[in-house]
Amino acid sequence: MNSNNINIMNLKRWILLALVTVVLFSCNSTTQKETPFLLENEYGAKQLIVDGKPFLMLSGELHNSTSSTEEYAAPIFSDLKAMNLNSVIASIAWQQFEPQEGVYDYSLVDMLIKNAEQNNLKLCLIWFASWKNGQSSYAPMWVKQDTDRFFRVKTKEGKNNEIISVFSQEARDADAKAFGKLMAYLKKKDVNKTVVMMQIENEVGIFQDIDYNEIALKKYSQNVPKELMDYMLSHKDKLQSRLYNSWEENGFKTTGSWREVFGDDLYSKSYFMAWSYAKYMNYIAEIGKKEYNLPMYVNAWIIQFEGDYPGNYPNGGPVEDVLDVYKAAAPSIDILAPDAYNPDFKDVVNEYHRYNNPLVVPETTLNVGRAFYIFAQHDAICFSPFGIEDGASDVEFREGYQVLKQLMPIITKYQGSDRIAGVLLKKGESNAIIQMGKYGFNARYIDENLPSYGLVIQTSEDEFIVAGMNFAMNVSSNIDNKVGYVGEVWEGRFENGQWIGSRLLNGDESWHNEAIRVMGRKLLTNELDMSINVRDESKPYFYSANRNIMITIPGIYKVRLYTRD
């Protein structure tokens, strides 16, 4: 065989190898899952895209120490799956991740991903690092013990406390370096895209008016950063009222120190502290996103009482008064999220759901009605009660999440439009008015002793999906000289996206078509009844007992309406 024939054969082999490589690469690229990201739908609602589809996080946050060992955490994951969660929020502590400077332990990350995947759950990881609830208890020992390099917050009296100062650049850089290592590992390790979101720090801020470190006081006397001034000028008609009022009262100055622009008071200091915390966390987010660009949020210990002042709550965190400061300072942080335990839940979520801030509720109470409300009324991405493992026996919560799972494709389809609304009644509220197309609804309690909540979705001109429990809705017409009326109400469920009607409600169940009665379903369940005190003669105390209990759980209803003269 001559050299020309050999060269031709070699050339053919190389061409064949190149073609195989292209085919294999194409196959891999089409099957590999995409990184979760945020995207606006056609109605302007920002949604979390997971595995190519909008994803509502029916979630729960584990207690702080639950994820600190596999022995403790692993058995809990199966309970979470049984509660109908589709995701869980769990913490990674800096002190365990980097026990010695430059030495990283990825075992807990591996454990959380493994247990989540085994139970068909997605993960949001909390980076407990420089601060948790305003304190620095989750920082590594090598950080805690070095108060020169990682200096602390100073009180007005000049004393150091145990909280890492937000003005410590060494602390910021060390925190960001470790977070970058975590994100780089996730990009390599998490091939199934189980981790869908990250939380940076937790409820940051200090319980005083300002950090009295010399560097902080010097910065406070300097000019307000140009980035913040530019943001306020370009968003003047949309600024949160507290910030706007401070600026207005001092003459809408476009340059000057924090005192000159906002006044010499607590609020001026709070804007300065918020700016400082936001820049610190934005730097961490930037470093992390360079390694792996997942959606990221920070959460707030919110203002607890009307008229409360900075320092009574952690001063510097993303509370409602400083949301615009955070937006200007931290463009790499996607979402500012409230920890909403307060009774005025609807007011809180209304403050945080803004034109430039989608709603995530990473901590709240085990009240599934709140989930129905925010996914429908506020286009929410995530609902997550804190200490979720404590709710394993809450049947109403479990069944409520099951209903929301069935409705997820319909909810996400209409989020942001005027064809979806939430209902959440509390004692003292007589009703809720909803307008959709040519129909109006007046929702009110059926039984004021039970929770009353749900959602309404208009799927066509005269057809609606209604879900929830314990409210009735009278129907009216928005067309002159027409009366709105109930045609039929079916109770049922969705299976694989298909509607299955289980019973037609008529007569007493719909007041002879006078109203849509969202009664919910009745469920006989064998659960702990905390009202029963049973004495065990062998023990010196009473305990609760199991018994059959009839409870009300949310239902799904398909409704057809019509108008008549």
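Some notes on this structure:
- Loop sites in the stretch 421-525: trypsin sites (Lys or Arg not before Pro), DSSP, at most 13 other Cβ within 10 Å: Lys427
- Using a cut-off of 22 Å between Cα atoms, the listed pairs Lys132/Lys236; Lys327/Lys426; Lys177/Lys289; Lys122/Lys177 include Lys132/Lys236; Lys327/Lys426; Lys122/Lys177 as exceeding that distance.
- A simple spin-label model places pseudo-atoms 7 Å from Cα toward Cβ; at Asn496 and Ile551 they are separated by 3.1 nm.
- Prolate/oblate/rounded call for the stretch 150-266, Cα gyration tensor, a/c under 1.5 rounded: oblate
- Cα gyration tensor, the stretch 440-486 - rounded (a/c under 1.5), prolate or oblate: oblate
- Neighbour net charge for Phe77 - beta-carbon separation under 11 angstrom, K R +1, D E -1: -2
- The share of accessible area on the stretch 258-306 that comes from carbon and sulfur is 47 percent, using a 1.4 angstrom probe.
- Length released on extending from Asp344 to Asp508, taking residue separation times 0.36 nm less the Cα-Cα span: 55.6 nm
- Cα centroid of the stretch 406-422 to Cα centroid of the stretch 91-112, whole Å: 39 Å
- Note that the stretch 48-169 carries a Kirkwood radius of 16.2 Å, evaluated over its alpha carbons pair by pair.
- Within the stretch 293-366, the chymotrypsin sites (Phe, Trp or Tyr not before Pro) that combine a DSSP coil assignment with at most 10 other C-beta atoms in a 10 angstrom radius are Phe305, Tyr355.
- Looking at the chain, the accessible area is 45 square angstrom per residue; that uses a 1.4 Å probe and ignores ligands, DNA and RNA.
- Sparsely packed loop sites in the stretch 198-282 (the trypsin sites (Lys or Arg not before Pro) outside DSSP H, G, I, E and B with at most 16 other Cβ atoms within 10 Å) comprise Lys253.
- Seen from Ser107, the other residues with C-beta closer than 13 Å to its C-beta sum to a net charge of -3, counting Lys and Arg as +1 and Asp and Glu as -1.
- Pair-distance profile P(r), taking every C-alpha pair of the chain, with 20 angstrom steps and integer %: 19, 46, 28, 7, 1, 0
- All other residues whose Cβ lies under 11 angstrom from that of Val191 are scored, Lys and Arg at +1 and Asp and Glu at -1, for a net of +3.
- Förster radius 60 Å - calculated FRET efficiency between Glu170 and Asp565, Cβ distance, rounded to 0.05: 0.20
- The stretch 342-451 shape via C-alpha gyration tensor axes, a/c threshold 1.5: rounded
- The chain - charge dipole about Cα centre, Lys and Arg +1 at Cβ, Asp and Glu -1, debye rounded to 20: 1520 debye
The values are calculated or read from the model by the stated rules, or taken from the named source; none is laboratory data. Treat the numbers as computed from the prediction; the structure is a model and nothing was measured. Using ideal geometry, Cβ is built from the backbone for each residue, glycine included, and neighbour counts are taken over all protein chains shown. Ligands, DNA and RNA are stripped out before the accessible areas are found, and what is left, the full protein with its side chains, is counted by its heavy atoms. Shrake-Rupley method; radii C 1.70, N 1.55, O 1.52, S 1.80 Å.
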